[in-house]
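Enquirer: Below is one structure. I have some questions about it.
The values are calculated or read from the model by the stated rules, or taken from the named source; none is laboratory data. Predicted model, so just to flag it, every value in this text is computed and none were measured. All Cβ positions, even for glycine, are placed from backbone atoms using ideal geometry, and neighbour counts span all protein chains on display. All accessible areas refer to the heavy atoms of the entire protein, side chains included, with ligands and DNA or RNA removed. Shrake-Rupley method; radii C 1.70, N 1.55, O 1.52, S 1.80 Å.
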Amino acid sequence: NNRFLKTINLFKMSFDFEKFANAIENGLKGNCVGYAFVVSYKDNWKVKRAGGYARTLINTPPLEMSTNVQFHTASVSKAITAVALLKVLNQRQDVSLDSLFYKFLPSHWRIHQSLKYKDNDKKINFQRLLTHKSGFRFDGGLDYHALKKDMAAGVNESNIGNNNDKNGYQGENFAIMRLLIPKLAGYSISQNEDGGPGIDILQAAEYADYYMDYVQKHLFEKAGLPLLKCKAEVMKTGMCYHFPHNNKPGTDFGNQTLVCGSKGWVMSAAELAKFFRTVHYTEAILPAWLSDKMKDELLGYGQKGETAESVGFYCKNGKFPRSQNDGELNTLIIGYANHVQVALIINSELTGNKGMVEIINAAHDEAYKMKKNNVDDLK
């Protein structure tokens, strides 16, 4: 209506996207090897910025950072997988977020009784996987054989519905979706009636391929994105370093096809931005009510809250830590209640006194103060 259009016009005139981007850059420059981010408003990008190196001189060919250089996106992949699961559940109609997930595991797997509870207090349904409340407390193995072992071992029922302890966040919740999504979508999986190891190896590859096929056809293509993979391309994918890099080689984290789901997707900041604004500001992938539910109930997202200026936000970060790798990677997708989104990739640790979310929230509030008194209903 006219009042809505007037409100949006006031917002566009008073929210300075360049100032927002400048404030973000001020928090990143000199504190990492390279960074790239895209600021979007609803279903359009507004500002693209990058600085530093995607590949230093030690990793030929050297490459300046750009919003078009692809990196492994670490745990931001979880939010992508969440969109895929929500979409296939919505397409099925006969299965819901409240349905037990174990019924869609490989038929020859041994499933522990704790995964089969039907009462609400103990039920491990799809929603609990999406919110890390399944009770999983495993050792971190994400491949087919680790997941098979874990489903046979089961969970401590006292952990079901709880994700508050230090081990509550578990990659297995989303790695298992690499198997669930193809099954829910009706892909033909090779059967293993006798439980032979050869078919397990074949199934592991099929599930990974079919998961990626579903995401590509039903998510990425709907967002107008090219063919994407969970595998770094030699001499093309950006490298990740320690900061300062001191002329030491970095890492691209290689091929994660067989462990994808909770991590693995190789995308640029521009591609991340295009995907998530398509999810939340069009209905090409999810209906509006379902994309809102994803944000409100943190289905694949990791955090929500308010900035110091009381603007609501939701986000998902990703990280491959320096302590365990030849380089560090930090990724982030963050969106605000006034329809601003930021997709960020940093290819080293971020030094300084503020983390990614803190830097971007502060930058947002700096821009928001300019229009707060004029357009108060955009909080």
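Enquirer: Counting only Cα, what are the radius of gyration and maximum Cα-Cα distance Dmax of the stretch 304-376, in Å?
Expert: Over the stretch 304-376's Cα set, Rg and Dmax evaluate to 14.1, 49 Å.
Enquirer: Could you work out the Rg to Rh ratio of the stretch 157-309, with Rh taken as the Kirkwood radius (inverse of the mean 1/r over all Cα pairs)? Walk me through the intermediate numbers first.
Expert: Numbers: Rg = 18.4 Å, Rh = 18.3 Å.
Rounded to two decimals, Rg/Rh equals 1.01.
Enquirer: Now, a different point. Checking the a/c ratio against 1.5 first, then a/b against b/c, what shape does the Cα gyration tensor give for the stretch 239-379?
Expert: Oblate.
Enquirer: How large is log10 of I(q)/I(0) for the stretch 76-175 at q = 0.11 Å⁻¹ when the intensity is taken from the Debye formula with one equal scatterer per alpha-carbon?
Expert: -0.30
Enquirer: Most mobile of ASN26, ASN353, ASN325 per a Gaussian network model of the chain (Cα springs, under 10 Å)?
Expert: Maximum fluctuation in the GNM of the chain, among the listed residues, is at ASN353.
Enquirer: Work out, in µm²/s and without decimals, the Stokes-Einstein translational diffusion coefficient of the stretch 166-239 at 25 °C, 0.890 mPa s, Rh from Kirkwood over C-alpha pairs.
Expert: For these conditions, the coefficient is 170 µm²/s.
Enquirer: Please give the Cα centre distance for the stretch 95-120 versus the stretch 212-230, rounded to the nearest Å.
Expert: Value for the Cα centre distance between the two parts: 28 Å.
Enquirer: Gaussian network model of the chain, Cα springs within a sub-10 Å range: biggest mean-square fluctuation belongs to which of ALA284, ALA79, ALA50?
Expert: Its mean-square fluctuation being the largest, the pick is ALA284.
Enquirer: Here is a follow-up. Per residue, how many Å² of accessible area does the stretch 1-145 show with a 1.4 Å probe?
Expert: 45 Å²
Enquirer: What figure, in Å² to the nearest 10, do you get for the accessible area of PHE320 with a 1.4 Å probe and non-protein molecules left out?
Expert: Surface open to solvent at PHE320 totals about 20 Å².
Enquirer: Separate question: For every helix of n ≥ 4 consecutive DSSP H residues, a contribution of -39,500 (n - 2.57) applies; sum these over the chain, divide by its total residues, and give [θ] at 222 nm rounded to the nearest 500 deg cm²/dmol.
Expert: -10000 deg cm²/dmol
Enquirer: Excluding same-chain pairs closer than 8 in sequence, count the lysine pairs in the stretch 238-345 whose Cα atoms lie under 24 Å apart.
Expert: The number of close lysine pairs in the stretch 238-345 is 19.
Enquirer: Hey, another quick one. Tell me, for the chain, which Cys residues have no other cysteine's C-beta sitting closer than 4.7 Å.
Expert: Lone cysteines by the Cβ rule: CYS32, CYS240, CYS315.
Enquirer: Carbon-plus-sulfur fraction of the accessible area of the stretch 229-379, 1.4 Å probe, in percent?
Expert: Accessible surface attributable to carbon and sulfur in the stretch 229-379 totals 46 percent.
Enquirer: Let me ask another. Bin all alpha-carbon pair distances of the chain at 10 Å intervals from 0 and give each bin's fraction as a whole percent.
Expert: 5, 24, 31, 25, 12, 3, 0
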